[in-house]
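These notes are about the structure you will find just below.
The values are calculated or read from the model by the stated rules, or taken from the named source; none is laboratory data. Bear in mind the structure is a predicted one, so any value in this text is a computation, not a measurement. Note that we place each Cβ from the backbone using ideal geometry, even for glycine, and neighbour counts take in every protein chain shown.
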Amino acid sequence: MSRIGKLPVNLPAGVTVQVLPGNVVKVKGPHGELTQKVDSDITVTIEGDAVKLSRPTDLPRHRSLHGLYRALIHNMVVGVSEGYTIKQELVGVGYRVDVQGQLLLFSLGFSHDIQLMLPAEVKAEAEPVKKGQNPVLVLKSADKQLIGQVAAKIRTFRKPEPYKGKGIKFVGENIRRKAGKSAGAK
């Protein structure tokens, strides 16, 4: 059996799971509600306070789907119970972000500001900037896939460059740095 797929998904207090017709799994919790269509070959059962998935055969396709849908359901349970947070740091002189509801305004050294409208499921806030520190944008959502997609889109506005490290990076991310020009070489 799949090492991931055979593990049950434990449900914390306050989280409910339903298997709807068409093999659609609906997870409801304090941070929202998420749904996921599961392949018809994978069987989803709810036993007590755990969700278990099973597959009909050991074909490679069934093995891969087994682990995939178990991981997706686990991410949904964690999302509606705790939520996901991604922090991004804007490194560069004059780089900043303004949050106006669901609209983000980025000032990233271009001749114009960049605007991004966030989906309703994603909440954003800018941490107060302390002297000598870079601005930090905090994204929060119950949907792991959506928040990751939004964070990746924001990063494309100004990827970190390898010489000075300027750009939008994830907090705690290591940027591989290159040596600049050497002064004496001809």
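Taking region 5-36 as the range and being surrounded by 15 or more Cβ atoms within 10 Å (Cβ to Cβ), farther than 16 Å from Ala142 by Cα and either of a type in the set (Val, Ile, Thr) or modelled with pLDDT under 90 (or both) as the test, the residues that pass are Gly5, Val9, Val19. Might you check whether a residue that is at pLDDT below 95, under 30 Å from Pro8 (Cβ atoms) and within 21 Å of the chain's Cα centre (by Cα) occurs anywhere in region 37-50? Yes - at least one qualifying residue is present in region 37-50.
The condition of being within 19 Å of the chain's Cα centre (by Cα) and closer than 17 Å to Lys169 by Cα holds for only one of Leu108, Leu118, Leu104, that being Leu104.
Among residues of region 55-89 being closer than 19 Å to Val24 by Cβ and small (Gly, Ala, Ser), the one that is surrounded by the most Cβ atoms within 10 Å (Cβ to Cβ) is Gly79. Among residues of region 135-151 that are surrounded by fewer than 18 Cβ atoms within 10 Å (Cβ to Cβ), those with a beta-carbon under 7 Å from a residue that is of a type in the set (Asp, Glu) at least six positions away or on a different chain give the pairs Val136/Glu89; Val136/Glu127; Val138/Glu125; Val138/Glu127.
Go through the residues of region 107-115 one by one and say whether even a single one is among the hydrophobic types (A, V, I, L, M, F, W, C), surrounded by fewer than 19 Cβ atoms within 10 Å (Cβ to Cβ) and in contact (Cβ under 8 Å) with a residue 60 or more places away in the chain.
Taking region 107-115 as the starting set, the residues that turn out to be among the hydrophobic types (A, V, I, L, M, F, W, C) are 108, 110, 114.
Imposing the further condition that a residue be surrounded by fewer than 19 Cβ atoms within 10 Å (Cβ to Cβ) reduces the set to 108, 110, 114.
Adding the requirement that they be in contact (Cβ under 8 Å) with a residue 60 or more places away in the chain leaves 108.
Within region 107-115, one or more residues are among the hydrophobic types (A, V, I, L, M, F, W, C), surrounded by fewer than 19 Cβ atoms within 10 Å (Cβ to Cβ) and in contact (Cβ under 8 Å) with a residue 60 or more places away in the chain.
Strands (runs of 3 or more DSSP E) fully within region 31-143 that include at least 2 residues being of a type in the set (A, V, I, L, M): 43-47, 50-54, 84-91, 96-100, 103-107, 114-117, 123-126, 136-141.
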